[in-house]
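One structure is given below, encoded as structure tokens.
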Amino acid sequence: MSLDLVKVAQDLRKEHSVEMESKLLIILKVKGVNVSLFQSGKTLVRGEQDEKLARTIAEQVVKYI
């Protein structure tokens, strides 16, 4: 899988704060939590200890793919 991160970032900006964007990676904040979305589709939710909340946040980001 190879995502068009430019398009994905445009869509994400409608509801979330995109902190950084490149052809390989998008870093954004969702509910105050840092999320990294890679061109491969890998999603990394950083700093959230509650696994259930981290999963919910990841699902919110993945729906834009």
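The values are calculated or read from the model by the stated rules, or taken from the named source; none is laboratory data. This one's a predicted model, so the numbers in the text were calculated from it and none came from an experiment. Reconstructed Cβ throughout: ideal geometry from the backbone, glycine too, with neighbour counts over all protein chains shown.
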- Message: Against the definition (of a type in the set (A, V, I, L, M) and either part of a loop (DSSP other than H, G, I, E, B) or at positive phi (or both)), how does Met1 come out, yes or no?
- Response: yes
- Query: Of the residues that make up the range 51-59, is at least one in a strand (DSSP E or B) and free of Cβ contacts under 8 Å to residues at least 40 places away in the same chain?
  - Reply: no
- Only residues that are assigned to a strand (DSSP E or B) and not aliphatic (A, V, I, L, M): list them for the range 26-50, please. Lys29, Asn34, Ser36, Phe38, Thr43, Arg46
- Can you tell me which of Val30, Val35, Val61 is modelled with pLDDT under 95, within 22 Å of Ser2 (Cα to Cα), β-branched (Val, Ile, Thr) and surrounded by 14 or more Cβ atoms within 10 Å (Cβ to Cβ)? Val61
- Message: Six or more apart or on different chains, Cβ atoms under 8 Å: show the pairs whose first residue is in the range 32-50 and under 15 Å from His16 (Cα atoms) and without any contact (Cβ under 8 Å) to a residue 24 or more places away in the chain and whose second is part of a strand (DSSP E or B) and among the basic types (Lys, Arg).
- Response: Asn34/Arg46; Ser36/Arg46
- Please state which of the following conditions Lys23 fails to meet, knowing it meets all the rest: (1) of a type outside the set (Asp, Glu); (2) at pLDDT 95 or above; (3) in a loop (DSSP other than H, G, I, E, B). (2)
